[in-house]
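I have placed the structure first, in the form of structure tokens, so that the comments after it can refer back to it.
The values are calculated or read from the model by the stated rules, or taken from the named source; none is laboratory data. Here the structure is a predicted model, which means the values were calculated and not measured. Positions of Cβ are generated from backbone atoms using ideal geometry, with glycine treated the same way; all protein chains shown enter the neighbour counts. These area figures cover heavy atoms from the full protein model, side chains too; ligands, DNA and RNA do not enter into them. Shrake-Rupley method; radii C 1.70, N 1.55, O 1.52, S 1.80 Å.
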Amino acid sequence: FAAAELAKLFEDDSSTKLLVHSGFAHVFKYETDTGQRWLASILWEKTGIEPFTIWQWSAMHDGHEYAVVSKALAHLGDFNQPVLLMPPPSADSGLRDIPRVDAILVHPPDQSIAPANRTVLFPDEMQLVSGRWASKRWPVVIAAYKKGEPVTAIPFDQVMLRDEEQHFSLWVPQTTDCALVVFDRNGRLNSSTVRTGDSVVVRGED
């Protein structure tokens, strides 16, 4: 279904450019050894346009040889920024599970900071929304949308709060009126936002 909907974007203009952020194996543009076909493969078939696919490796989610590759990159110097492997390692590299993609983006080992300590690249152009999550429900994602836009729009910023995390920071453009929306694993939560001085309190309705 997703591939069919995306393919419609090319019907009127074959020069359309499309960036798709997908999960799991949907970046695989070739049929797997077990006969499965994923989003990139079906989209290629429907449009006749070969997609360029990038697989992301991270310590948090992937066992796909991440430890071996990240150790090798660390030996080359400071491995504190994502590294693009293009083309990916070959089949004779000794690694056991290389996805068939055009490139692999290897993220450095997790160096995340507390949600309340997040910063932004251009602070002079942004305003900080400091907040506190006042409900006992985790994990949740708190997202800042332009006021009046639907949740299908792209938020200005969003942050995940894990177990027991309450304080967070969001960065939105200066002078922009925003609405905060909360999601949990089941989708959007009914929530309320109350401003107290320079910060906000967000509470989910149980």
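Values computed for the structure shown
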{"read-out": "Within the chain, longest stretch free of exposed chymotrypsin sites (Phe, Trp or Tyr not before Pro) [DSSP loop, at most 15 other beta carbons within 10 Å]", "value": "53-206"}
{"read-out": "Loop-located trypsin sites (Lys or Arg not before Pro) in region 1-108, at most 12 other Cβ atoms within 10 Å (DSSP)", "value": "LYS17, ARG96"}
{"read-out": "Given 15 as the ceiling on other Cβ atoms within 10 Å, longest exposed-site-free region of the chain for GluC sites (Glu not before Pro) in DSSP loops", "value": "32-163"}
{"read-out": "Principal axes of region 122-205: Cα extent on each, largest first, Å", "value": "33, 28, 21"}
{"read-out": "Span from the region 145-202 Cα centroid across to the region 71-138 one, whole angstrom", "value": "23"}
{"read-out": "Region 145-206: trypsin sites (Lys or Arg not before Pro) in DSSP loop, at most 11 other beta carbons within 10 Å", "value": "LYS147, ARG162, ARG185"}
{"read-out": "Cut-off 11 Å between beta-carbons: net charge of the residues surrounding TRP171, Lys and Arg +1, Asp and Glu -1", "value": "-1"}
{"read-out": "Distant alpha-carbon pairs in region 52-206 (separation over 18 angstrom), percent", "value": "66"}
{"read-out": "Karplus 3J(HN,Hα) series, Hz, for region 154-168 with 6.51 cos²θ - 1.76 cosθ + 1.60 (x for Gly, Pro)", "value": "8, x, 5, 7, 7, 8, 9, 10, 8, 3, 6, 7, 10, 8, 8"}
{"read-out": "Unit charges on C-beta of K, R, D, E only; dipole of region 36-147, Debye", "value": "740"}
{"read-out": "Protein accessible area in the chain, 1.4 Å probe - carbon and sulfur %", "value": "52"}
{"read-out": "Alpha-carbon gyration tensor eigenvalues x 5, square-rooted, for region 37-139, Å", "value": "32, 22, 15"}
{"read-out": "Potential lengthening between THR193 and ASP12 on full extension [0.36 nm per residue; Cα-Cα distance subtracted]", "value": "60.9 nm"}
{"read-out": "CD proxy at 222 nm, helix term only [per DSSP H run n ≥ 4: -39500 (n - 2.57); per residue of the chain; nearest 500]", "value": "-3500 deg cm²/dmol"}
{"read-out": "Hull shadow area, averaged, region 1-84 [alpha-carbon convex hull, nm²]", "value": "7.2"}
